[in-house]
Each structure stands twice: as structure tokens, then as C-alpha cells.
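Visitor: To start, I am sharing the structure in question, which I have written as C-alpha cells.
Every read-out reported here was derived from the displayed coordinates using simple, explicitly stated rules and does not represent laboratory data. No experiment lies behind these values; they were computed from the predicted model shown. Positions of Cβ are generated from backbone atoms using ideal geometry, with glycine treated the same way; all protein chains shown enter the neighbour counts.
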Ligand code: C5P
């Protein structure tokens with residue numbers, strides 16, 4: 001990738017987990033650290049982009065030179081992402097968005113009791129799919145697919161279903177690790193396998209996304 005492949009371009013990245021409250025002190029979430037989203041942000045920044053990350057709660061320091069919009073819930077993440085997605089050339093969905101939220105989070109702390117606690121969960125909307133459905137010509141949308149089997153085929157199906165240009169197929173072994181082994185799945189052509197430290201994998205993803213942007217412009 002040329003050093004300034006994304007010079008002056010706006011890049012928007014969703015990153016980290018979301019938190020869905022059950023009551024004032026409890027929530028549903030997942031183990032996403034936000035490492036991949038921040039590595040992508042740093043790589044895009046190094047390639048000359050103006051980068052914004054809409055980030056769920058993370059313990060990691062924000063990458064230098066990147067604007068971070070902190071959010072908690074999927075609904076907040078969706079709102080902050082859709083506000084900005086049309087102005088971005090490249091939109092990357094690296095967040096591990098909770099699939100469900102409590103239908104009615106309790107206003108006071110739920111009390112322990114002998115009986116079962118029944119929760120009604122409602123599905124959250126798909127943020128990257130909604131952003132891609134509002135696409136302007138020339139934009140590029142990238143998503144991730146965490147799969148335990150038939151990763152490439154499933155990633156290809158996800159590409160079509162969500163209207164994306166590139167899906168990064170990930171194995172569960174990458175979670176919580178500083179390394180990643182992924183396959184980049186495009187609309188046309190063969191998948192590209194990349195393996196190494198997350199920083200290197202992030203650079204490869206940004207480089208391929210920059211190439212797709214250039215192709216759209218040509
Ligand atoms: O459908 P699945 O959750 O496997 O898709 C993963 C991809 O979709 C990731 O890029 C993730 O950031 C994005 N996603 C999203 N909003 C959701 C669920 C997933 O943007 N509600």
C-alpha cells in the first residue's frame with residue numbers, strides 16, 4: 001500500500017462490543033476487546049485518512065490522531081454510525097454488536113429470588129447492513145464474519161446479504177489474541193488469506209479497501 005493511499009479520505013469504523021442494560025448495574029455484552037477496530041483505525045490513519053471510530057466500551061487507549069465516539073448500546077452505535085456513514089468514503093464494521101437487547105431494562109436493580117428470571121430480548125438492527133443500504137456511489141463497505149466452519153462460504157453469503165464490498169472471515173481463535181488469521185472475501189475473484197499480528201492484518205485490510213476505493217473511482 002502506498003504510504004498515503006487514503007490521503008484526505010474519511011474512514012468510519014465501528015469497534016468493540018456493545019453493552020445492553022438489564023438493570024442499572026447489569027448488562028449483556030461479549031468479549032470483544034476492540035483491538036481489531038483500533039488497529040484498523042491506526043492503519044487507516046497512517047494511510048492518510050481522517051478516521052472516526054464509533055467505539056463500544058474498551059480498556060484500550062485510543063489510537064493517536066483518531067476521533068473516538070464512545071457509545072454503549074447497539075442503538076447508540078447505530079445512531080452515531082448512520083449520522084456519519086454517508087460522509088465517509090470507507091465504512092468498516094469491526095464491532096461485535098450484541099444481537100439482542102432487553103425489551104424493558106429494569107429501572108431499579110433486579111432482586112435475587114428463588115425463582116427463574118425471565119427476560120424478553122428483542123433483536124438489534126444490523127448497523128453495517130443499514131449503513132450499506134444508504135450507500136452513495138463510490139463508497140466502500142467492509143464487514144467481518146466470525147465463523148466456526150465453512151468460513152469463506154458463509155462470508156460470501158454475508159457479503160451479498162448485507163450489501164458489502166469486502167468481508168473479513170475470522171476464526172474464533174483470533175479472539176483475545178494479538179495475532180489473526182483471516183480470509184478476505186470479495187464480490188469477485190478468489191479470497192485472499194492473511195495471517196500475522198493484528199497490526200499487519202489490519203494494514204492488509206486497509207490496503208485492499210483502498211484498492212477497492214480506487215477501482216470505484218477509475
Ligand atoms: O451477522 P454477523 O453478526 O455475523 O455479522 C458480522 C458483521 O456485521 C460485522 O461486520 C459486524 O460489525 C456487523 N454487525 C453490525 N450490526 C449488527 C450485527 C453485526 O454492524 N447488529
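Visitor: Within the stretch 158-167, take every residue that is touching a helix residue (DSSP H, G or I) at 6+ places or on another chain (Cβ under 7 Å) and more than 7 Å from residue 142 (Cβ to Cβ) and give me the one that is farthest from the ligand (Cβ to nearest atom).
Guide: Going residue by residue through the stretch 158-167, those that are touching a helix residue (DSSP H, G or I) at 6+ places or on another chain (Cβ under 7 Å) are 162-167.
Within this subset, residues satisfying the condition of being more than 7 Å from residue 142 (Cβ to Cβ) are 162-163, 167.
On the way: 162: 7, 163: 11, 167: 8 Å.
Looking at the filtered set, the residue picked out is 163.
Visitor: Within the stretch 124-152, take every residue that is more than 10 Å from the ligand (Cβ to nearest atom), in contact (Cβ under 8 Å) with a residue 24 or more places away in the chain and not in a helix (DSSP H, G or I) and give me the one that is farthest from residue 89 (Cα to Cα). Steps first, please.
Guide: Just the residues of the stretch 124-152 that are more than 10 Å from the ligand (Cβ to nearest atom), to begin with: 133-140, 148-152.
With in contact (Cβ under 8 Å) with a residue 24 or more places away in the chain added as a condition, the list becomes 133-140, 148, 151-152.
If we keep only those that are not in a helix (DSSP H, G or I) too, we end up with 134-140, 148.
Values: 134: 13, 135: 10, 136: 9, 137: 10, 138: 7, 139: 5, 140: 6, 148: 31 Å.
Filtering the stretch 124-152 for residues that are more than 10 Å from the ligand (Cβ to nearest atom), in contact (Cβ under 8 Å) with a residue 24 or more places away in the chain and not in a helix (DSSP H, G or I), the one farthest from residue 89 (Cα to Cα) comes out as 148.
Visitor: Still on this model: Here's a check for you: in the stretch 73-105, which residue that is within 10 Å of the ligand (Cβ to nearest atom) and part of a loop (DSSP other than H, G, I, E, B) is nearest to residue 212 (Cα to Cα)?
Guide: This residue is 94.
Yes or no, residue by residue, for (1) closer than 25 Å to residue 31 by Cα; (2) assigned to a loop (DSSP other than H, G, I, E, B):
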residue: 154; (1), (2): yes, no
residue: 160; (1), (2): no, no
residue: 167; (1), (2): yes, no
residue: 177; (1), (2): yes, yes
residue: 180; (1), (2): yes, no
residue: 189; (1), (2): no, yes
residue: 194; (1), (2): yes, no
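Visitor: Taking the stretch 84-104 as the region of interest, how many residues are in contact with a strand residue (DSSP E or B) (Cβ under 9 Å, 6 or more places away or on another chain) and surrounded by fewer than 16 Cβ atoms within 10 Å (Cβ to Cβ)? Give the steps one after another, and end with the answer.
Guide: Filtering the stretch 84-104 for residues in contact with a strand residue (DSSP E or B) (Cβ under 9 Å, 6 or more places away or on another chain) gives 84-85, 87-103.
The next check asks that each one be surrounded by fewer than 16 Cβ atoms within 10 Å (Cβ to Cβ); those that pass are 87, 99-100, 103.
Going through the stretch 84-104 one residue at a time, the tally reaches 4.
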